[in-house]
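*Asks:* Attaching a single structure in structure tokens format; questions to follow.
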Amino acid sequence: MKYAVISDIHGNAPALRLALDDARQQGAGAYLFVGDYSISAPWPNEVAALLRSLPNAHFVRGNDENHLDVPPGDDGQFEVSRWCARTLTADNKAWLDALPEEITLPCDGLTLRMAHSSEAFMGKALHAHFRTSAFPFRYPHSPVTREALLADFRRTMAEDEACRSAIAALEPGVYIFGHNHIQAHGCFDGRWLINPGSCGMPLDGCEFGACYTLLTIEGGSVAVEERRIPYDVEALITQVKATEQYAEARIWSETIFAEWRTRREKVASLLWYAEEYATRIGDSRRPFAKDTWQAAYAEWLTAAPQRWPELFVP
Ligand SMILES: [Fe+2]
């Protein structure tokens with residue numbers, strides 16, 4: 001069986017279409033999705049419709065599925081989640097709500113386990129090295145090549161004591177997860193770790209494109225092929241600017257544009273900076289009120305590239 005393994009679409013329907021078209025051309029006959037289907041790009045219903053139309057598809061939920069349950073309010077901090085939650089149809093929201101946290105699938109004598117984050121299998125061992133917010137500091141220069149990243153991932157999993165012991169505690173089999181938006185895979189003494197990266201928002205510093213991974217299991221043997229379908233980031237941004245999301249959640253949308261352009265996460269530093277700003281002006285309102293959120297963002301735009309140049313490497 002050849003599976004297309006796809007994660008972290010984040011509402012990016014154009015990227016999902018590219019990945020699905022490529023997967024069909026590559027002969028994929030089944031699909032494994034590991035969460036974060038909406039929030040960030042403005043096409044949550046289009047993504048849900050594509051996913052729900054697929055045959056032989058298995059899904060687990062991601063942490064952003066929980067962020068759709070944003071409390072009512074008119075703060076700035078949750079603008080993009082609130083827009084997405086309001087835009088999703090009730091039927092699509094119910095479908096997302098019903099997805100399980102984890103799945104175990106038998107395949108040709110092997111066991112596949114799927115969860116959104118590697119934490120379900122390995123605790124914090126992998127995240128200590130390959131979490132999204134830490135990635136720009138691990139790779140302060142561009143370009144990041146796939147070869148260097150894969151070698152780093154495999155060396156770290158094999159040599160770091162916490163990773164080694166977390167992997168050794170697993171039953172042999174295939175472990176599939178996303179969450180950190182960093183595409184990587186490796187086999188460690190019969191334990192396959194597969195992260196297909198983020199289809200809609202790659203944050204691994206490598207080439208911009210719709211990432212996913214092909215997993216072929218035949219006769220008990222495993223083959224993995226990473227795929228990354230390049231497309232025009234500026235054309236994508238132009239499309240988003242014409243949407244209601246851009247009008248209603250401009251700061252989030254612009255921050256997402258910056259992440260797409262650099263393939264480096266920005267949100268952690270923006271939230272950290274907003275906290276620092278709000279504390280400085282004596283504003284205790286949380287989530288951040290619109291005026292504070294906008295003022296903090298304006299300052300962050302100027303201050304962040306000096307304070308954290310690693311986040312802005314083109
Ligand atoms: Fe995600």
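*Asks:* Under 8 Å for C-alpha pairs, at least 6 residues apart: give me the relative contact order for the chain, rounded to a whole percent.
*Replies:* 21
*Asks:* What span do the alpha-carbon atoms of the chain cover on each of the three principal axes, reported in whole Å from largest to smallest?
*Replies:* Result, largest extent first: 62, 43, 33 Å.
*Asks:* On to the next question. What percent do you get for the relative contact order of segment 244-312 when only Cα pairs under 8 Å and 6+ apart count?
*Replies:* Rounded, it is 34 percent for segment 244-312.
*Asks:* What are the extents of the Cα atoms of segment 82-128 along their three principal axes, listed from largest to smallest and rounded to whole Å?
*Replies:* Taking the Cα atoms of segment 82-128, the three principal extents are 40, 32, 11 Å.
*Asks:* What list of whole percents do you get for P(r) of segment 244-312, with Cα-Cα distances grouped in 10 Å bins up to the one holding the largest distance?
*Replies:* 20, 53, 26, 1
*Asks:* Take the chain, connect every pair of alpha-carbon atoms lying under 10 Å apart with a spring to form a Gaussian network, then pick out the residue of Met201, Met157, Met114 with the largest mean-square fluctuation.
*Replies:* Met157
*Asks:* If the elastic network links every pair of Cα atoms under 10 Å, which of Cys187, Cys84, Cys199 fluctuates the most in the Gaussian network model of the chain?
*Replies:* Per the Cα network of the chain with a 10 Å cutoff, Cys187 tops the list.
*Asks:* I would also like to ask the following. Take the alpha-carbon centre of segment 192-268, take the same for segment 88-129, and report the distance between them in whole Å.
*Replies:* Result: 19 Å between the Cα centres.
*Asks:* Let me ask something else about it. Segment 221-266: which chymotrypsin sites (Phe, Trp or Tyr not before Pro) are DSSP loop and have at most 14 other beta-carbon atoms within 10 angstrom?
*Replies:* Hits after loop and neighbour filter: Tyr231.
*Asks:* Let me know the charge dipole size of segment 208-314 about its Cα centre in debye, to the nearest 20, where only the beta-carbon of Lys, Arg (+1) and Asp, Glu (-1) is charged.
*Replies:* Dipole of segment 208-314, to the nearest 20 debye: 220 debye.
Coordinate-derived values only; no laboratory data. Quick caveat: nothing in here was measured; it's all calculated off a predicted structure. Note that we place each Cβ from the backbone using ideal geometry, even for glycine, and neighbour counts take in every protein chain shown.
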